[in-house]
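Have a look at the structure below, then the notes.
Just so it is clear, none of the values below were taken in a lab; they were calculated from the coordinates. Every value quoted in this text rests on a predicted model; they were computed, and no experiment measured them. Backbone-built Cβ (ideal geometry, glycine too); neighbour counts: all protein chains shown.
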Amino acid sequence: MIKQYFMTYSTSLQNHSAIDDGISIDIKNMVKEKGKTCISIIIPTHRIGSDRQGDHLEIERSVLVAKNLVQYEPKLLKAIDALLETIDYTHNKEGLGLFVSLNIKKLIKFPFPVTKKVVVSKYFHLHDLINIENYKVHYYLLDLSKKEIRLFHGVMDLLEEITENNFPKKIIEEYEYNKPSQSTSYAGYAHEKGFEKDKSILQQIRLKNIFNEADKSLLKFLGTKNHPLILCGSTKVVDLYKSVTDFSDNIVAIISDNFQYTDIHELEIFAWEQIQSFIDRQKLKLVNEFKEKIGEGLGVYGIEDVWQATREGKGFKLLVEKDYGKPAFVTRDNKLFLKGPQEKYTRHSDVVNDIITTVLEKNGNVTILEKDNLKDYKRIALINRY
């Protein structure tokens, strides 16, 4: 059984300047490839089950489609083949992405479902990569039991156990059990019942003290940062820990089972489900922020208005629904039309990806939301700087 606990929690989604590792550097480099031939191949895959056997064939089919679109560019064909050889099909996730240009050769595994796409354009298709950045929030999981306390650091669907600062912490019961002497059968039974009651109270007091010590050890990890905290343990034990913790505001979810003796990969799946749900709730807060900005004259929505504001450098926070794309026509003076205008134009197969790239070029933020989160705002919205 999994319980959800909601709280007020602020986090910087999609702050590329603040995160300087892994995929965020890749995004910056991919943005710089604008204007060159950029190949984006994104395919749904399977972690487990018989469906995983078909992933190899589906990937090869999608790669063949892409290679046919760049058949006269031998360097790109060679780069695609080299990347294809690096795929480990035994450790799939929910999706796989291959990104290739003259300067980029990147393989990405997605820990969430993706839609199949084969895109050859003057831009990389960045939606799913940005969604990874949105979910790349550092969090902690505290695994509680009456025998041991373990702490894990997590990012998306990966957990790493912390073995420092008193973690893991063994819980050893330190009391003597002296069975009472019995004067009569009834008196002996009453004395024994009383002892068992005292023993239970002592256990709870001791466990509370141990949890209090563990909570102080968390200060190093949670003291200066608002990292989310997930608790894992029986309801009784978790409630006892909650009664002593100084980090109630960090708790975002509770997995009310004890996974002390299960495989860590199973625990990773449960933790990822919880943190993904938490971040999705944070994303929705940006929609509320956008609604407020409309009243202040700083919010625009719909592809035409967002395009214009982006071109003028106003874009601060761009909100886009997952997989939303739109073909359009752009004239020489950068005016956008959804139908071919009379004057000379360039056709864009997906102008949404063009907008995303422009916002990132101008140091704006991009957040990918689930489908229908922006249905009242034509699937795309922008908070302007001015």
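General observations
- Its relative contact order, with pairs defined as Cα atoms under 8 Å and 6+ residues apart, puts the range 62-108 at 32 percent.
- Cα-based Kirkwood hydrodynamic radius, the chain, one decimal, Å: 24.1 Å
- Among the listed pairs Lys146/Lys283; Lys116/Lys283; Lys34/Lys371; Lys78/Lys117; Lys32/Lys339, a Cα-Cα separation exceeding 31 Å is found for Lys146/Lys283.
- Rounded to the nearest 10 degrees, the angle from helix 264-295 to the longest Cα principal axis of the chain is 60 degrees.
- Residue with peak Gaussian network fluctuation, the chain [Cα springs, cutoff 10 Å], from Pro228, Pro113, Pro74: Pro74
- Crossing angle, helix 22-31 versus the chain [Cα axis fit, 0-90 degrees, rounded to tens]: 10 degrees
- Sequence of Tyr386, Tyr345 once ranked by neighbouring C-beta atoms within 10 Å, starting from the fewest: Tyr386, Tyr345
- Within the range 284-386: Cβ-based charge dipole about Cα centre, in debye rounded to nearest 20 (Lys, Arg +1; Asp, Glu -1): 140 debye
- By the count of neighbouring beta-carbon atoms within 10 Å, fewest first, Asp26, Asp246 end up ordered Asp246, Asp26.
- The sum of -39500 (n - 2.57) across all DSSP H runs of n ≥ 4, divided by the residue count of the chain, sets its helix-only mean residue ellipticity at 222 nm to -12000 deg cm²/dmol.
- Charge dipole of the chain (Cα centre as origin; +1 on each Lys and Arg Cβ, -1 on each Asp and Glu Cβ, all else neutral): 1160 debye, rounded to the nearest 20.
- Neighbour cut-off at most 13 other Cβ (10 Å), DSSP loop, trypsin sites (Lys or Arg not before Pro), the range 223-330: Lys225
- Among the listed pairs Lys170/Lys236; Lys75/Lys317; Lys293/Lys326, a Cα-Cα separation exceeding 27 Å is found for Lys75/Lys317.
- The chymotrypsin sites (Phe, Trp or Tyr not before Pro) of the range 219-303 that meet both conditions, a loop assignment by DSSP and at most 15 other Cβ atoms within 10 Å of the site Cβ, are Tyr261.
- Rel. contact order, % - alpha carbon contacts under 8 angstrom, at least six apart, the chain: 18 percent
- Note: relative contact order over the range 81-151, using C-alpha pairs below 8 Å and six or more positions apart, is 19 percent.
- Tilt relative to the chain, helix 74-84 - C-alpha long axis, 0 to 90 degrees, to 10: 20 degrees
- A DSSP coil position with no more than 16 other Cβ atoms inside 10 Å describes the following chymotrypsin sites (Phe, Trp or Tyr not before Pro) in the range 40-121: Tyr72.
- Using R0 = 35 Å, the C-beta based FRET efficiency linking Glu161 and Asp323 works out to 0.45.
- Among beta bridges that DSSP assigns inside the chain, antiparallel share in %, nearest 5: 80 percent
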